[in-house]
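Structure, as structure tokens:
The values are calculated or read from the model by the stated rules, or taken from the named source; none is laboratory data. Just so it is clear, the model here is predicted, and its values are computed rather than measured. For neighbour counting, all protein chains shown are included, and Cβ atoms are generated from backbone atoms with ideal geometry for every residue, glycine included.
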Amino acid sequence: MVYNPMTEPSFKKHQYDFTAHLRDPEHNPAPEGIEDRRVGIYRDLLYNNVEGFIANGFPVLRSIYSDDDWHKMVRDFFARHQCTTPYFLEISQEFLDYLQSEREPQAEDPQGLLELAHYEWVELALMVADDNVDLIGIDPNGELRAGHPVLSPLAWPLAYQYPVHRMGPDYLPAAPPDQPTYLVVYRNRNDEVRFLEINPVTARLINLLQDNPEITGELALDQIVQEINHPQPELVIEAGVSALQELQRYGIVLGVAK
């Protein structure tokens, strides 16, 4: 519904004017009759709460920007973005949506900004995810080569053009490297969020296991051998089985389907 000040009751116009001022005080004056000291309490409280949550959710991003550039960006988000959720835990998702869909690129933005923001969002999203590791229908001692290895719902395989796990104030590549970065971000048994860097073959193996719930570890590795046309298939199979065992040690692979 579009707000029309000509048809709304006066108290609603007052409310809209008040909230518009809180969101963007530079361009929307406070309604008449409100002491600036008092409205200033609300201005600071709301903005500081939102800014603090974003800074905590995107600590690397925060460290890259100067104070002025950071607050300019967060102010723009606070003023323009229409959040679809009232929950503070989902502000990070809203900020990511803003960066991806609304923010105009600025000179101070690092290359790989959107990928870095997504990576930091994943860490928070996994930390608060409601998914539970359920071993029903899974044999944790099953043979990973003969059975179908099952991945944890708390393990997210990701691919980025930039090495987001290494980016920070001291390392901001001007262009993406020749090779993409493959990661698995996961929540371990102690509810700690960790990441594991993997190679392209392991990334392809995980992809095949996710997309084919009936495929065995061996069949997935056979397909990879055919795809890369490796001259020594046994080396690929051996390395793939070792990768599956490593993934299981980290809790990324839970076992095999019964």
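Pull up the stretch 26-57, narrow it to residues that are in contact with a Leu (Cβ under 9 Å, 6 or more places away or on another chain), modelled with pLDDT of 70 or more and among the aliphatic types (A, V, I, L, M), then point me to the one that is farthest from Tyr87 (Cα to Cα). For the stretch 26-57, the residue satisfying everything is Ala55. Residues of the stretch 82-107 that are surrounded by fewer than 14 Cβ atoms within 10 Å (Cβ to Cβ) and either under 26 Å from Asp130 (Cα atoms) or touching a residue at least 60 places away in the same chain (Cβ under 8 Å) (or both): Gln82, Thr84, Thr85, Pro86, Tyr87, Phe88, Leu89, Gln100.
Only one of the numbered conditions (1) under 24 Å from the mean Cα position of the chain (by Cα); (2) outside any helix (DSSP H, G or I); (3) surrounded by fewer than 16 Cβ atoms within 10 Å (Cβ to Cβ) is not met by Glu214, and that is (1). Is it the case that some residue within the stretch 68-81 is modelled with pLDDT of 95 or more and loosely packed, with under 12 Cβ neighbours inside 10 Å? Yes, that holds for at least one residue. A search for C-beta distances below 8 Å between a residue of the stretch 108-119 that is farther than 17 Å from Pro59 by Cβ and any residue that is outside any helix (DSSP H, G or I) and of a type in the set (Gly, Ala, Ser), counting only pairs 6+ apart in sequence or on different chains, returns Glu108/Ser66; Gln111/Ala174; Gln111/Ala175.
Of the residues in the stretch 179-201, none is of a type in the set (A, V, I, L, M, F, W, C), free of Cβ contacts under 8 Å to residues at least 12 places away in the same chain and assigned to a helix (DSSP H, G or I). For the stretch 158-169, check the following and say yes or no: at least one residue is among the charged types (D, E, K, R), farther than 23 Å from Asp131 by Cβ and modelled with pLDDT of 95 or more. Yes; the residues of the stretch 158-169 include at least one that is among the charged types (D, E, K, R), farther than 23 Å from Asp131 by Cβ and modelled with pLDDT of 95 or more.
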